[in-house]
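Heads up: the structure comes next, in structure tokens.
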Amino acid sequence: MSNKLWEKNTQVDKRIERFTVGLDREMDLHLARHDVLGSMAHITMLAEVGLLRRDELTPLLAELKRIYREAEAGKFVIEDDVEDVHSQVELLLTRRLGDLGKKIHSGRSRNDQVLLDLKLFAREGLERTVQAVCRLFDTLVAQSERYRHVLMPGYTHLQVAMPSSFGLWFGAYAESLADDLQMLLAAWRVTNRNPLGSAAGYGSSFPLDRQLTTDLLGFDSMDYNVVYAQMGRGKMERTVATALASVAATVAKLAFDACLYTSQNFGFIRLPDEYTTGSSIMPHKKNPDVFELTRAKCNKLQALPQQITLITNNLPSGYFRDLQMTKELFVPAFDELIDCLDMAERMMAQVRVNEHILDDPRYDPMFSVEEVNRRTLAGTPFRDAYRQVGLEIEAGQFHPVKEVRHTHAGSLGNLCNDRITAYRDSVLAQFTFDRVHEAERKLLGE
Ligand code: ARG
């Protein structure tokens, strides 16, 4: 007998099956725990509105919980002739509990089921991403403080420009991550709304209690309009992808700086030997491959919003199988980004900075503005001071005092790392992770 939920008398052609299922079963394995949790909330609600008896609910919940634990332990498989995760869970229930298993799907469609699974999956992925972002943030702030007095050249046009510092360099990327957290927070808010009950995209004639499943699953609210709930497929993924891309852009830029600064021609930072890779022909090489791959992976991740956009852009409202394709892009993205964040954190914690960069006279001209400002403060009009110093540099007679005193907010003498950290904390506090954990624990009867 066929294991398809929808197959009646005709069996689908094998080649059609291979083509339509594609990589979906592989992707769906990542959704198994979430699918089960969604079913637990759904049937609890069905019992509440009288579509399932209490004595039916109890064994179903117990069995679903067992499947959840199996998935958690990596023992959940989607069998060869089973189409997707939703079918596999229902199959296991009917196999273990008989006809009772066939009752759980009332008032639901795989369309709202997969919407829900993806949102629960994205919630978890977003939380892990936020944690990884915060680990890198903390390391960057610590390094910024540690090297706050070490000066380095600042560049415009990649030409030596003005004095900067490692305090500024590390701290800049920390603050960039704090802004990226805002993007993740917006993505969290869009994600954390319940689509369940929209069924195939047009609701149901059963008296579903959508507020109950919203509460049971720890959502902030529901996607109210059932047509909109279905339109959220692809939109949620694109929104989350945009936030991930924002983090990826920060990390890619950091990785590029690090590649540049480890080059002998800059010589600003060093990595421990264990963190570099060698060459098969040049015995002296210690290459920053980790930063290079981080840069490439993070640049690739920035294509994700566009890829999702291209798949979903020309679809009218309502469900289409096209949407399945977004999973192959979306599901692996969290692990890819978190891997880069963790690597960047490890590298940034180990990086050593050259404290004597400015001893090299090639950087002398970058103190020109300091000198102009000093003369201006002593009474020479700015434009005259600018000209004097310019002529001295051209004549090779400029000998700077290599001392800088910048005191305004955010400058090298006043990094504001405490304020940047407070800003990060204020964004972090707005994620409703705790409520989600509590709801999920309760649903699992813990
Ligand atoms: N694998 C499908 C997807 O990801 C699940 C939903 C199937 N629904 C349908 N009407 N064929 O979109």
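Just so you know, all these numbers are worked out from the coordinates, no wet-lab data involved. The model shown is predicted, which means the values in this text are computed figures rather than measured ones. Counting neighbours? That spans all protein chains shown, and the Cβs are built from the backbone with ideal geometry, glycine included.
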How high is the relative contact order of the chain, given as a whole-number percent (alpha carbon pairs under 8 Å, six or more residues apart)? 18 percent
Using packing as a proxy for protection, rank 20-26, 94-100 so that the peptide with the highest average count of other Cβ atoms within 10 Å comes first. 20-26, 94-100
Using the Kirkwood radius built from alpha carbon pairs, what does the Stokes-Einstein equation give as D for region 338-446 at 4 °C and 1.567 mPa s, in µm² per second? 67 µm²/s
Percent relative contact order of region 93-243, based on C-alpha pairs within less than 8 angstrom and at least six residues apart? 27 percent
Taking the convex hull of the alpha carbon atoms in region 131-244, what volume per residue do you get, in Å³? 115 Å³
Along its three principal axes, how long is region 102-182 when you only count alpha carbons? Whole Å, largest extent first please. 70, 28, 14
Mean-position separation - Cα centroids, region 1-79 and region 135-160, in angstrom: 51 Å
Please list the equivalent ellipsoid semi-axes of region 199-290, computed as the square roots of five times the alpha-carbon gyration tensor eigenvalues, in descending order and whole angstrom. 53, 13, 12
Rank Phe256, Phe170, Phe382 by mean-square fluctuation in a GNM of the chain with C-alpha springs under 10 angstrom and give only the top-ranked residue. Phe382
Excluding same-chain residues fewer than 8 positions from Lys297, which lysines have a Cα within less than 29 Å of its Cα? Lys119, Lys235, Lys253, Lys285, Lys286, Lys327
Can you tell me the 0 to 90 degree angle between the C-alpha axis of helix 368-377 and the longest principal axis of the chain, rounded to 10? 70 degrees
Among all the lysines, which ones have a C-alpha under 21 Å from Lys8's C-alpha, if same-chain residues fewer than 8 places away are not counted? Lys102, Lys103
With only alpha-carbon pairs counted, each pair once and no self-pairs, how large is the Kirkwood hydrodynamic radius of region 365-413 in angstroms? 11.4 Å
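Please give the per residue volume of the convex hull enclosing the alpha carbon atoms of the chain, rounded to a whole number of Å³. Write down the numbers at each step before the final one.
Details: hull volume 88.2 nm³, N = 446.
Once divided by residue count, the hull of the chain is 198 Å³.
Which value, in nm² and rounded to one decimal, describes the direction-averaged projected area of the C-alpha convex hull of region 310-387?
On the way: hull surface 50.9 nm².
The number I arrive at for region 310-387 is 12.7 nm².
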Test of understanding: in a Gaussian network model of the chain with alpha carbons linked when under 10 Å, which of Ala199, Ala422, Ala245 would top the mean-square fluctuation ranking? Ala422
Across Gln324, Gln113, Gln430, the residue with the highest GNM fluctuation in the chain (Cα network, 10 Å cutoff) is Gln430
Just to confirm the number: angle between the C-alpha axis of helix 433-443 and the first principal axis of the chain, 0 to 90 degrees, nearest 10? 20 degrees
Once every DSSP H run of n ≥ 4 in the chain is given -39500 (n - 2.57) and the sum is divided by its residues, what mean residue ellipticity at 222 nm do you get, rounded to the nearest 500 deg cm²/dmol? -19500 deg cm²/dmol
Hey, can you grab everything whose amide H is under 5 Å from the amide H of Ser165? Only 5+ residues off in sequence or another chain; H modelled, so Pro and N-termini drop out. Met152
Please give, to one decimal in nm, the separation of the simple spin-label points placed at His356 and Asn373, each 7 Å out from Cα toward the Cβ. 2.7 nm
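If you place +1 on the Cβ of every Lys and Arg, -1 on the Cβ of every Asp and Glu, and leave all else neutral, what size is the dipole of the chain about its Cα centre, to the nearest 20 Debye? List each step's numbers first, then the result.
Numbers: 54 positive and 62 negative charges, 91 e Å.
I would put it at about 440 debye.
Given +1 on the Cβ of Lys and Arg, -1 on the Cβ of Asp and Glu, and no further charges, what dipole in debye does region 192-276 carry about its Cα centre, rounded to the nearest 20?
Dipole of region 192-276, to the nearest 20 debye: 280 debye.
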Rank Ile104, Ala71, Gln143 by how far each Cα sits towards the positive end of the charge dipole of region 70-154 (+1 on Lys, Arg Cβ; -1 on Asp, Glu Cβ) and give me just the farthest. Gln143
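Would you work out the Kirkwood radius for region 1-152? I mean one over the mean of 1/r across all pairs of different Cα atoms, in Å. Numbers along the way, then the final one.
Working: mean 1/r = 0.0556 Å⁻¹.
Computed over Cα pairs of region 1-152, the Kirkwood hydrodynamic radius comes out at 18.0 Å.
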